[in-house]
Amino acid sequence: MTNDSTKPLLMGAVAYAPKVVTIWEGFKAYFQAQGLPFDYVLYSNYERQVEAQFEGAIQLAWNSPLAWARAHRMAAARGLQVAAVAMRDTDRDLQSLIVVREGSDIHNLQDLRGRRLGLGAIDSPQATLIPLQHLREQGLVSGRDFEVRRFDVLGGKHGDHIGGEREAAMALLAGEVDACCMIDANHLGFSADGSLPANSTRVLARTEPYDHCNFTTSPGAPQAQIERFCQLLLAMRWDDPAVRPLLELEGLRKWLPGRTSGYAQLERAVDEQNFYSPHGHILPADYRY
């Protein structure tokens, strides 16, 4: 990769919703105004975006936690390095929930035996991979101890599109599943917007805390530009009227340095559920993206 500092630092992002264009156009203008040449490329899915990182097409990627797991595996297998350099304050210490209907006779995880569990998309860390891993570590394995019904909405988006979680929640209310999985923020959101009426559900279990998205450098990324990008990012302040609309759109109050300690649970899920190989190859035959 070139280290020509006059060329824009090129970042990849996944177009999971129309607001993505507004978000990154705003960040592009901000970085350029601060003297950092910057541009972005939108991808339809995270799998293609991660592959682009190893083809030299982009120097940086706004990656899902699952995309980070794949990039890290691909780099290690090739003797290369990638780094998680920044993340949102809202990306840290999240939890997924297993939710049942209020009044359900399911009172603990063992009561899920013989029942049907609603999941998000096949590639959703928060509504499929991590909850299934939590259950596995409690001695409950899908297909053996309980059935699953997966709501595959927009594969390749790694659960960024919450449609699968919403459909699972609606199936729970309709009695089509006995429990369903979702991230804690979406449970609150569905309750706030009326999708889940007040007092209609009960939280059965919470997973261990985990982290979500991060900015992942590509192998050979220009260090000086990456450092400047991080400096500008971490200097953004909520009380700056020029910056706050961008932070609100991207769902944070403050940018933080990246960390990888919050991905251990997902890494176990990826291995146990055979999602990626140690080399980063995609394993599920029914994964469409």
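What the table below lists for this structure:
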| quantity | calculated |
| --- | --- |
| The stretch 109-193, Cα convex hull volume normalised per residue, Å³ | 85 |
| Accessible surface, per residue, of the stretch 217-289 when the full set of protein chains is kept, probe 1.4 Å, Å² | 52 |
| Per-q log10 I(q)/I(0), the stretch 181-235, q = 0.15, 0.22, 0.30 Å⁻¹ (Debye; single scatterer per alpha-carbon; no solvent) | -0.66, -0.87, -1.23 |
| Distribution of pairwise C-alpha distances over the stretch 55-144, 5 Å bins, in % | 2, 10, 17, 19, 14, 12, 10, 7, 5, 2, 1 |
| Overall Cα dimensions of the stretch 95-150, principal axis frame, Å, largest first | 30, 23, 20 |
| Reachable lysines, given that their alpha-carbon falls under 24 Å from the alpha-carbon of LYS7 and they are not under 8 places away in the same chain | LYS28 |
| Where only alpha carbons of the chain are counted, the Rg and the Dmax (Å) | 19.6, 64 |
| Average Cα contact separation per residue, the chain, under 8 Å, 6 or more apart, as relative contact order % | 29 |
| Cα long-axis angle, helix 223-234 against the chain (0 to 90 degrees, to the nearest 10) | 60 |
| Dimensionless Rg ratio for the stretch 96-241, taking C-alpha atoms and the 2.2 N^0.38 Å reference | 1.26 |
| Part-to-part distance (alpha-carbon centres) for the stretch 135-164 and the stretch 77-125, which is given in Å | 8 |
| Given charges at beta-carbon only (K, R positive; D, E negative), |dipole| of the chain in Debye | 240 |
| Most mobile listed residue (ASP39, ASP152, ASP239) in the chain, GNM with C-alpha springs under 10 Å | ASP239 |
| The stretch 1-72 - Rg (one decimal) and Dmax (whole number), Cα, Å | 12.4, 33 |
| The chain, accessible surface, carbon-and-sulfur percent (1.4 angstrom probe) | 49 |
| With 5 Å bins from 0: P(r) over the stretch 204-289, alpha-carbon pairs, percent | 3, 10, 14, 16, 16, 15, 13, 9, 3, 1 |
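The values are calculated or read from the model by the stated rules, or taken from the named source; none is laboratory data. Keep in mind that this is a model prediction, so the values were computed, not measured. As a convention, Cβ positions derive from the backbone with ideal geometry for all residues, glycine included, and neighbour counts pool all protein chains shown. Surface areas here come from the heavy atoms of the whole protein model, side chains and all, with no ligands, DNA or RNA. Shrake-Rupley method; radii C 1.70, N 1.55, O 1.52, S 1.80 Å.
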